[in-house]
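Structure, as structure tokens:
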Amino acid sequence: MVIPKFRMFSSLVLSLGLLVFTASMAFPQDKTSTAGSRSVASGQKMKIKGVVTRRDSDTFTVRDATGADTIVRLDDRTSVKTKGGFLRSGTNYAQTQILRGLNLEVEGTGNGTDLLATKIRFNESDMRVAHAVESRAAPLEERATNTETKLTQVEQNAQRLSGQLDELAAVANTAKGGARAAQDTADRAVAGVNATNERISALDDYEPQTVAAVNFKVNSAILSPDSKSKLDELATKALNAKGYVLEVSGYADATGSIDRNRMLSQRRADAVIRYMVENHQIPLRRIITPYGYGETNPVADNTTRDGRAQNRRVEVKLLVNKGLTQPSPTVSSGSGQ
């Protein structure tokens, strides 16, 4: 029986997603493992092939077929492109498109510790797989981290509640009147535990708090002063929020070819991401992988000038985790007469 191509692709994405998720859980983002790591001597030229296992703002880690990890550093001169075919060159990509799970080749020169990349090449198919892996692995990591934090809080609350219940039991043994107060407090403790369980269940549930749309001129991915002002306001709200992520979607009007509009919308989304990271220090882990939708999902009529102007846009959604924004359960002790 022949397995359809999309099922094979889905299986591959799921497998790579589990690999990236497992690797990230084994090596937390705030610690660097030295086991199997490779240092590159200053001035040494090197070419490596492997899979991206970690991504930071200016560096990423590549694991080759031998299991050795190499830290690759990026700068403004690093060329990021797809591999070209017969009589054609590859497509240029922004450095933000280097994601975990991407199979690539890196050429560069050592700086004594890391590999300073001059050329990065990969296949279009590997890029699509990496996008799918990142979209599945990032929420799993966020969910696991939040769940671990909440479980720790639940254990601490349980210990405090246990101590309170022990005190109430002692009061009940010395006076019948204390039994009612103990029961009331126990009921409130159960309600607190139930509320905590509800918060844990809501850890995977996000709700939009703010949506901002910034528009662009024809064939342009440059942010206008008005667009920057809107992004400044949104960044302020995001940095004051708890448990937030940003969803960035780029769009174009219907003029031009479909492929060109898709690339233009991706450049617009990348421009917004770069502005938020460089001007407001928004962590990359707080940004869902940006995507350019091209001329799809128009908000206005593409046959009119005003409609096309509205469709040349990037939508930025501030999403807040319900489980982290709900108030923490409290247990209040009743007063005796």
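At a glance:
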| item | result |
| --- | --- |
| Rounded accessible area per residue of segment 32-102, 1.4 Å, Å² | 56 |
| Calculated FRET efficiency for the pair Q183/Y291, C-beta based, R₀ 41 Å, to 0.05 | 0.15 |
| Highest average packing first - 300-310, 255-265, Cβ atoms within 10 Å | 255-265, 300-310 |
| In nm, spacing of pseudo-spin labels at N240 and A300 (7 Å Cα→C-beta vector) | 3.0 |
| At R0 = 22 Å, FRET efficiency that the Cβ-Cβ distance of Q44 and R77 yields, to 0.05 | 0.75 |
| Charge tally in the Cβ shell below 11 Å around S39, where Lys, Arg are +1 and Asp, Glu are -1, S39 excluded | -1 |
| Percent carbon-and-sulfur accessible area, segment 57-157, ignoring ligands, DNA and RNA, probe 1.4 Å | 47 |
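The values are calculated or read from the model by the stated rules, or taken from the named source; none is laboratory data. Keep in mind that what you see is a predicted model, and the values were worked out from it rather than measured. When we count neighbours, we look across all protein chains shown, and the Cβ atoms used for this are built from the backbone with ideal geometry, even at glycine. Side chains are part of the model used for accessible areas, which takes the heavy atoms of the whole protein and leaves out ligands, DNA and RNA. Shrake-Rupley method; radii C 1.70, N 1.55, O 1.52, S 1.80 Å.
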